[in-house]
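**Student:** So that we are looking at the same thing, I have put the structure below in C-alpha cells.
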Amino acid sequence: MEKYSWLLPSLEKAKKKYRDSHRDELNARSRQYYDEHKDDEVFRQKCRERSRQYYKNKKEEKTQTI
C-alpha cells in the first residue's frame, strides 16, 4: 500500500467528484432502500447505531480541533 501512497490524493479527489456529480442519484437510491426496509427492526437498529457513531466521531473531531 505504501508504494501507492502518492495516488491517494488523486483517488480522494476522484471519489469526491463522483459523489458530487451523482449526489441526487445516490440520495434517491439510499432513500428508496431506506423506505423499503424501514419496517425491519434490525435495519433500524443498525441505522441508529451508525448515527450514534457518526455524531460521536463528529463530537470528538470538534474537541480535538479546539
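Coordinate-derived values only; no laboratory data. Please read these numbers as outputs of a predicted model, since none were measured by experiment. Note: ideal-geometry Cβ built from the backbone for every residue, glycine included; neighbour counts use all protein chains shown.
**Student:** What are the residue pairs meeting all of these: first residue in region 33-52, first residue of a type outside the set (S, T, Y), second residue not in a helix (DSSP H, G or I), Cβ atoms under 8 Å, and 6 or more apart or on different chains?
**Tutor:** From residues that are of a type outside the set (S, T, Y), the pairs are R44/K38.
Rundown of residues vs (1) surrounded by 10 or more Cβ atoms within 10 Å (Cβ to Cβ); (2) polar (S, T, N, Q), yes/no style:
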| residue | (1), (2) |
| --- | --- |
| L7 | yes, no |
| K15 | yes, no |
| S30 | yes, yes |
| V42 | no, no |
| T65 | no, yes |
